[in-house]
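One structure is given here, and the rest of the page talks about it.
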Number of protein chains: 8
Amino acid sequence: MEYNVYLSGEIHTDWREQIKRAVAAKQLPVNFFAPNCDHESSDEVGTVILGEEPSPFWKDHKASKINAIRTNNMLAISDIVVVRFGDKYRQWNAAFDAGMAVASGKSLIVMHAPELTHPLKEVDAQALAVTETPEQVVAILEYICQPS
Amino acid sequence: MEYNVYLSGEIHTDWREQIKRAVAAKQLPVNFFAPNCDHESSDEVGTVILGEEPSPFWKDHKASKINAIRTNNMLAISDIVVVRFGDKYRQWNAAFDAGMAVASGKSLIVMHAPELTHPLKEVDAQALAVTETPEQVVAILEYICQPS
Amino acid sequence: MEYNVYLSGEIHTDWREQIKRAVAAKQLPVNFFAPNCDHESSDEVGTVILGEEPSPFWKDHKASKINAIRTNNMLAISDIVVVRFGDKYRQWNAAFDAGMAVASGKSLIVMHAPELTHPLKEVDAQALAVTETPEQVVAILEYICQPS
Amino acid sequence: MEYNVYLSGEIHTDWREQIKRAVAAKQLPVNFFAPNCDHESSDEVGTVILGEEPSPFWKDHKASKINAIRTNNMLAISDIVVVRFGDKYRQWNAAFDAGMAVASGKSLIVMHAPELTHPLKEVDAQALAVTETPEQVVAILEYICQPS
Amino acid sequence: MEYNVYLSGEIHTDWREQIKRAVAAKQLPVNFFAPNCDHESSDEVGTVILGEEPSPFWKDHKASKINAIRTNNMLAISDIVVVRFGDKYRQWNAAFDAGMAVASGKSLIVMHAPELTHPLKEVDAQALAVTETPEQVVAILEYICQPS
Amino acid sequence: MEYNVYLSGEIHTDWREQIKRAVAAKQLPVNFFAPNCDHESSDEVGTVILGEEPSPFWKDHKASKINAIRTNNMLAISDIVVVRFGDKYRQWNAAFDAGMAVASGKSLIVMHAPELTHPLKEVDAQALAVTETPEQVVAILEYICQPS
Amino acid sequence: MEYNVYLSGEIHTDWREQIKRAVAAKQLPVNFFAPNCDHESSDEVGTVILGEEPSPFWKDHKASKINAIRTNNMLAISDIVVVRFGDKYRQWNAAFDAGMAVASGKSLIVMHAPELTHPLKEVDAQALAVTETPEQVVAILEYICQPS
Amino acid sequence: MEYNVYLSGEIHTDWREQIKRAVAAKQLPVNFFAPNCDHESSDEVGTVILGEEPSPFWKDHKASKINAIRTNNMLAISDIVVVRFGDKYRQWNAAFDAGMAVASGKSLIVMHAPELTHPLKEVDAQALAVTETPEQVVAILEYICQPS
């Protein structure tokens, strides 16, 4: 079985690259998807393509909807959604993606430091695995990729 | 049409009561649902009913799952989900509920202060209304309840 | 069987009232739903409740989304959707509602003058009845309401 | 991710070709689908294949249903639906396709001139992008095709 | 539990009445639904309401679609579909209803004489009960209505 | 919110009665559903109603399918499914019901003695609560029935 | 677009071969699926593989269910279902397949002689094309396979 | 048609290998999927990857959820689910998988010795074939793989 895995959440460390490198080295049959992780182009895309907006609300709105074309479709074709919560920022879009994933029947894997356990308890409760490190995610992928 | 409305999110102000009182005064055909808003009993329910856990993670886990029996079912029968983000705490469960609501085809109304616009842009982009006050939510409910 | 019927489309004649009066006179078990048919309040609702917008696009946008809370939910609980196309205006929202209705598995009844047959052929092709008058819609409702 | 994109609506300008050429030049992983854009063969197909009809209504009916075999299936396998409204004709089938797309969970991109904003407000309100030119659609496709 | 039961198929004997009378006598919590069983009005309804058709095909077409408004909706709200095949006529609509019922996840009960076993084997194979008499259907309804 | 609760599994102790009595005493808004818990009539129903079978396999088959009319429909209208595993018998139908419940999006509550933890781990892993006693189930129901 | 087409119904003439040959000659991107059209092996498969049955009912039952593994899965992956009704036999399985196809959202094409119009009116009413000959089916497939 | 087949249940005999070898020898277009059949690594995976647990319940819980990532996804892409019940152990996960398969619309094939007929009657009643040996499963796969 080939798995499609969507890597959602925190964009300020290289956790996605760590997972992808390790999975490539192990030659696992896994395809990765991710949102646009370039903060600036993600914020600007609405006005760059569709025209300036005087109001920050509508500027964000246009950008978020174009980003949603990508993220909705990637989430839809994914079997597994990994959501990482970092120690900074509010990351509501990460929790939002987790909610979308669960309601769409995807397998949810969460990654966060132990000190976030209490505020993330509702999200963790719906996950099939709560991890702390990219290595653990890789170990899970390797485990579920064993031949039948 | 009678609407079922789930009031999700922030539990430290009386915004739910404000909405319910105003809607009752106007005699609108709206039924409200909400999570258990008592912070302590919500945190403790897993261990109180199912037995102590030495680990905070599993204590939270058991509590969150019992709370999910309530919230999943209430969300499932609701037509409209109102999610309020306050100015404190991370409120990932609020964003998670919003993601569940959107993926389940519910009408999403978000409520938050303007300064949260940027971090909430992905959630707002999926909402049918972005409000700031309980009065605005009531006005929307009154508007959509006009007889056909 | 009690039917929920959503009356979509043209808002400048009293076709909805004609249908409702006749159905009430015959005491048929039919509940009617309709969008807000007051053109002005429908156009203004977004800015009236959520605040002014300098741009006509965003003014329309806010209004349309609040109206969608009502229309999406009414369409969702309806068994039958009647869409009337008048001889004026472009009425794209009527055709949009018809598309929503068909994709959601509702029974579609279309009402329009014969001279609109050619431009409406794709919509008519998905309908279970193509009518010209409110009387015909009433006759269909009476027919399908006969006791089992 | 490879996207399937259905190009619906106006058939009297070469907007589809402009999008396809630019996307091909950029070598984006996008497959395009479209209705039969030859007006005459589309109108005649029912009677040509299934036999003459004296009534224009049934002639249109037979043609529209055969066209629906193509369009329903193409829409079903598409991730993104682009609907262009021109400045002529009523184009109810375009709005109908938009309604089908939204109710089926597809990402909707609308294209039209700014002067159509008001009559198209309900359709625009459900779209993830409202564009005016083929170039903007291409820019969105290029943006969402960036590697993960 | 209250069951909605759709009685489909043969319309030339009083099997529906036998079931309804017995169920009423036993005061079981069952609601019955049925197509229009008056052969003539069912055949004529399209042209009577929507206007004459020179072609028998389109006359049947218009009638069948109006009947489908009733039958589709009744089938949709039913929990159980009973389909009776008589010893005359081809009754393709009965088999069609059975296919609709199975694909929609309804509980299918078939009723027919033993000599029809071989031609009905594919339908019977999908049924939860294959009966021969109204009494057996009543016995099943009585059995499943026992209080929990 | 009023909950529909299906009580599946072990039929040789009075656990269902204990739950129902306590819930009635507390006047909680809960409706209970259950399979036919009379072992003998459940085993015999197929042949009693539909005629003798020389083969035990087909006797069981006919009975199980009639029972499925009841259990499938009750499960379909339930919000919560409680499955109790006793210490005797193989109770594969209880585990089968649990699988049906999870795949249908119901909230699953499991009840069993701690010594069954290991063989039931896959079922427990999908449950929102793993209980040992009827009192715990009642406590959960009371908790989730608190007014909003 | 590549279409999957399931050819259901009558098995005593070579209509399937006619369609396949013509489509192959035109090199259309169409994959065909069909039930086992060998009458005898289809009737015997249950008892041949799973053991003799004294009762003709259970013999048919076992065969029909094994055949359903094939036909259910082929129907599930098909975009278009063509159902041919011949002039002999009752062909209830053909009508049953048509009902399954419609309820599953497949495009239905019916093929039958004009004299069967009246008894097939309910099936025809749900079809997107009612044909009489294999050539017409081929012409439709050729038409919908034109490049976008 | 290429079938995806999930082989669930008993892990202490080589029935999966027998089926795979015979299917490979016959060059049938069938892909097989299976849970991790190594009992020990399956039991330990949660704690090995995610860290030790003092409680056996949570150890099992963590392992079962990681295994569920694999089994849920394999079951989701399968067309046919074969579940074998051996003569030892309680095998509740096998019955649970069968319930998941049926509720998800998969074709269920059960394999067990005749003496398990009575306790498995509810599971068998939902299956499209009840077999006793790997050879019978292979014969069914060969039969349904005949070219259309």
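Could you identify which residue out of C:Pro54, C:Pro119, C:Pro29 has the top mean-square fluctuation in a GNM of chain C using Cα springs shorter than 10 Å?
Of the options given, C:Pro54 has the highest mean-square fluctuation.
To check my understanding: the extent here is largest minus smallest coordinate of the Cα atoms along each principal axis. What are those three numbers for the protein assembly as shown, in Å, largest first?
Taking max minus min along each principal axis of the Cα atoms, the protein assembly as shown gives 74, 74, 61 Å.
Averaged over peptide A:87-93, how many Cβ atoms belonging to another chain are found within 10 Å of each residue's Cβ?
Details: counts 0, 0, 2, 10, 4, 17, 8.
Across the residues of A:87-93, the mean count of other-chain Cβ atoms within 10 Å is 6.
Can you pull out the trypsin sites (Lys or Arg not before Pro) in region D:32-92 whose DSSP state is coil and whose Cβ has at most 15 other Cβ atoms within 10 Å?
Numbers: sites: D:Lys59, D:Lys62, D:Lys65, D:Arg70, D:Arg84, D:Lys88, D:Arg90; in loops: D:Lys88, D:Arg90.
Loop-located and lightly packed - D:Lys88.
So for H:His61, A:His118, fewest C-beta neighbours within 10 Å to most, what's the order?
Going from least to most buried by this count: A:His118, H:His61.
Nearest 20 debye, what's the magnitude of the dipole of region C:1-144 about its Cα centre given +1 on Lys and Arg Cβ and -1 on Asp and Glu Cβ?
About 280 debye.
Give me a single rounded figure for E:47-59: the average over its residues of other chain Cβ atoms within 10 Å of their Cβ. Please report the intermediate quantities before stating the final value.
Working: counts 0, 2, 10, 7, 3, 0, 3, 2, 5, 4, 8, 5, 3.
So the per-residue partner count for this stretch is 4.
Taking only Cα atoms, what is the 0 to 90° angle, nearest 10, from helix A:56-77's long axis to the longest principal axis of chain A?
It is inclined by approximately 30 degrees.
So what's the back-of-envelope 222 nm ellipticity for chain A, counting only DSSP H runs of four-plus at -39500 (n - 2.57) apiece and dividing by all residues, rounded to 500? Walk me through the numbers on the way to the answer.
Working: 6 runs with 73 residues, N = 148.
Calculated at 222 nm, the ellipticity per residue is -15500 deg cm²/dmol.
Based on the inverse mean of 1/r over its pairs of different Cα atoms, what is the Kirkwood hydrodynamic radius of region H:68-107, in Å? Present the calculation step by step, with values, prior to reporting the outcome.
Working: mean 1/r = 0.0941 Å⁻¹.
Every distinct Cα pair counted, the radius reaches 10.6 Å.
Which parts of region H:91-124 would a label at G:Asn31 reach, counting a residue when its backbone N lies under 20 Å from a point 7 Å out along Cα-to-Cβ?
Only H:106-107 pass the distance filter.
Using a 10 Å cut-off around each Cβ of peptide E:138-145, what is the average number of partner chain Cβ atoms that fall inside?
Values: counts 1, 5, 7, 1, 1, 10, 11, 1.
Counting other chains' Cβ atoms within 10 Å and averaging over E:138-145 gives 5.
Tell me whether region E:45-94 comes out rounded, prolate or oblate; compute the Cα gyration tensor, take square roots of the eigenvalues as a ≥ b ≥ c, and use a/c under 1.5 as the rounded threshold. Please list the in-between numbers first.
On the way: a/c = 3.94, a/b = 1.50, b/c = 2.62.
Verdict is oblate for region E:45-94.
Express the relative contact order of region F:1-127 as a whole percentage, based on alpha carbon pairs under 8 Å and six or more residues apart in sequence. Don't skip to the end; give the middle numbers.
Working: 161 pairs, mean separation 35.3, N = 127.
Once normalised by length, the contact order is 28 percent.
Compute the angle between helix C:92-103 and the longest alpha-carbon principal axis of chain C, please, reported from 0 to 90 degrees and rounded to the nearest 10.
Once rounded, the angle reads 60 degrees.
Whole number please: convex hull volume per residue of the Cα set in region B:3-144, in Å³?
On the way: hull volume 15.9 nm³, N = 142.
Dividing the Cα hull volume of region B:3-144 by its residue count gives 112 Å³.
Among F:Gly86, F:Gly51, F:Gly105, which one shows the biggest mean-square fluctuation in a GNM of chain F, springs joining Cα atoms closer than 10 Å?
Its mean-square fluctuation being the largest, the pick is F:Gly51.
Which translational diffusion coefficient, to the nearest whole µm²/s, is obtained for region C:62-148 from the Stokes-Einstein equation, given a Kirkwood hydrodynamic radius over C-alpha pairs, 10 °C and 1.306 mPa s? Kindly include the intermediate steps, with their values, before the conclusion.
Working: Rh = 13.8 Å.
Reported coefficient: 115 µm²/s.
Can you tell me which of D:Val137, D:Val83, D:Val110 moves the most in a GNM of chain D? Springs connect C-alpha atoms under 10 Å apart.
Largest GNM mean-square fluctuation: D:Val137.
I'd like the distance separating the alpha-carbon centroids of region H:117-148 and region E:81-148, in whole Å.
If we compute the Cα centre of each part, the gap is 24 Å.
So what's the angle, to the nearest 10 degrees on a 0 to 90 scale, between helix A:15-25 and the longest Cα principal axis of chain A?
That works out to roughly 40 degrees.
Computed from the coordinates by the stated procedures, all read-outs in this text should not be read as laboratory data. What you see is a predicted model; the values in this text were computed from it and never measured. Glycine also receives a Cβ, built like all others from the backbone with ideal geometry; neighbour counts cover every protein chain displayed.
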